[in-house]
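Here is the structure we will look at, set down as C-alpha cells.
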Amino acid sequence: MAQLLTFLGKGGVGRTTIAIAAAKKLAGQGARVLLAAQDPSPAFGVLLGATPSGDPQTIEANLSVVQLQSTLLLEKAWEEVKQLEAKYLRSPTLRNVYGQELSILPGMDTALALNAIREYNKSGLYDVIIYDGSGHLTELRMLGIPETASWYIRRFRQVFLDSDLGQAISPFVQPVTAAIFNTSWSFDNLAEQPTNEANSLLNDGKAAIADPSQIAVYLVATRDRAAQAMAKYLWGSAQQVGVTVAGVLLNSSEGAPSSEVSAEFAPLPITSLPQRSGDEWQPLIDALPNLRETTNAPKPLAIDATNRQVRIFLPGFDKNQVKLTQYGPEITVEAGDQRRNIELPASLRGQGVKGAKFQDGYLIVSF
C-alpha cells in the first residue's frame, strides 16, 4: 500500500517545484516513488528536465513519473465500464461506443485522476505516490469523491425504494431483471450486488482518506499574506474532506517563520524552504522535512460516543462562517464552500443536537 502525498496552495507558490523535490528526496532515500502530474502541458516536463508521458516511466533510480492525460484515462475507464456492463447485462448496449470518441466533460478530469491513482496504488509497484494536482478546492473535492459518492448511493437508493414510483414498479422488478440481466433481483435487493461492490470500493477510499499513513496533505505558502490566507483557507477546507494536513512548507523563505505566522498555523509544524536556483535541486531537497511522518497531525474528525460529542477540526473558520444542520441519522457541516455529511454512530442516531461551540479550532457538537 503506497502513501499518497499532495500539496495545496495558491497558484505561483511553487507547489510543482516542491512536489518534484519531494519525489527526488524520497527516491534518494530508497522509497519507490511515482510522481503523477495533473498538468498536461509541456511546462511540467521543462521544470522536471524530462519528457513525461501518459504511462509511468523511470527517470532516476527509484523515481518514475507520469503525466496524467484525461483522454487516455477515459479510454481505459470506458473499457472497465463496458466490462462491468457485460458482467450484468445479457445484451450489452455500450459495446458500439468507443472510448477513443468520448470527450471530457467538466469535472471528469479529477475523477479520472483519482481512479488512476487508485490503480497505481493497487499495482504494488510504489511506496509513495506524489500527486501534483490543482492544489485548491478542485483537488480537495477529488479526494472527497469516496465520501460524497457513498452518501449519494446511500441516500438516493433508499429514497427511490421508499417512493411511490418505487412501490409501483416493485412487482415488475424481478421479471424484468430476469429478462435483461444475468441475474434476477427482487425489489428489496434491487442492484444489491453492484451497489455492494461500489460501496466496498468507496469504503476503501474513505478509510484511506481518514488514514494519514495512506494520504497526507501539505500546505504551501510564501511570505506573501495572500498566499498564507489561501493556505489557511485550504487547511480548514481539507478538514471538510476528512484528509490530514501534516504541515506547512514556507517556500522561498530564509530563516525561521515569524511568530505571527507560527501562531496562524499552530499546531502544524512549519518548514522554511530556500528558493531553487537554476537547475540546482539539492538545497531544496535537503531543507524538506520528513514528509511521511504524519502521526502528530490534528485529526479532522473525532466521535466520542461516551461523552456524546462530535469534534470537527475547522481551522480558519469562525462560528459565523459555519452552518450546522441535522437531518435524520446525520449532521451536515457547511464551511469553506463545502458541505460534509457526518454519519452518526448508532448510539447517537435519533438524538437531537443540544449545543455547538468553537474551542481550539474545533467545532464541538454535543448530543
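The values are calculated or read from the model by the stated rules, or taken from the named source; none is laboratory data. Predicted model, so just to flag it, every value in this text is computed and none were measured. Reconstructed Cβ throughout: ideal geometry from the backbone, glycine too, with neighbour counts over all protein chains shown. Areas reflect the complete protein model, heavy atoms only, side chains present, ligands, DNA and RNA absent. Shrake-Rupley method; radii C 1.70, N 1.55, O 1.52, S 1.80 Å.
Things worth noting here:
- Correct option for volume of the Cα convex hull per residue in Å³ [calculated from the coordinates] among (i) 132; (ii) 157; (iii) 143: (ii)
- Nearest 10 degrees, 0 to 90: helix 15-28 Cα axis against the chain principal axis: 80
- For region 1-128, share of DSSP beta bridges that run antiparallel, in % to the nearest 5: 30
- The helix-based estimate of mean residue ellipticity at 222 nm for the chain, built from -39,500 (n - 2.57) per DSSP H run of four or more residues and divided by its residue count, is -12500 deg cm²/dmol to the nearest 500.
- Region 316-363 - percent relative contact order, Cα under 8 Å, separation 6 or more: 30
- Residue-normalised accessible area of the chain, expressed per residue, 1.4 Å probe, Å²: 49
- Legend: calculated FRET efficiency, Glu330 to Thr93, from the Cβ-Cβ distance at R0 = 41 Å, rounded to 0.05, equals 0.70.
- The chain, accessible surface, carbon-and-sulfur percent (1.4 angstrom probe): 52
- Estimated vicinal HN-Hα couplings, Hz - region 31-47 in sequence order (Karplus 6.51, -1.76, 1.60; Gly, Pro = x): 6, 7, 10, 10, 9, 10, 10, 7, 5, x, 7, x, 4, 4, x, 5, 5
- ³J(HN,Hα) computed for each position of region 66-75 - Karplus, 6.51 cos²θ - 1.76 cosθ + 1.60, integer Hz, glycine/proline x: 9, 9, 5, 10, 4, 5, 5, 5, 5, 4
- Links that overshoot a 22 Å alpha carbon limit, given the list Lys87/Lys206; Lys24/Lys206; Lys122/Lys206; Lys10/Lys206; Lys323/Lys357; Lys25/Lys299: Lys87/Lys206; Lys24/Lys206; Lys10/Lys206; Lys25/Lys299
- Expressed to the nearest 5 percent, the antiparallel share of DSSP beta bridges inside the chain is 50 percent.
- Calculated from backbone phi, Karplus (6.51, -1.76, 1.60) coupling profile of region 350-360 in Hz, x at Gly/Pro: x, 8, x, 6, 8, x, 8, 8, 9, 8, 6
- Both radii are taken from the alpha-carbon atoms of region 39-109; with Rh as the Kirkwood radius, Rg/Rh is 1.13.
- Beta bridge orientation in region 196-304: antiparallel %, DSSP, nearest 5: 10
- Label-to-label distance, Ala263 versus Lys122, with points set 7 angstrom from Cα along the beta-carbon direction: 5.0 nm.
- Amide H contacts of Leu301 (H built 1.01 Å from N, under 5 Å, at least 5 apart or other chain): Phe313
- In the frame of its principal axes, region 1-153 has Cα extents of 52, 30, 30 Å, reported largest first.
- Between 0 and 90°, nearest 10: helix 192-210 axis offset from the chain longest Cα axis: 20
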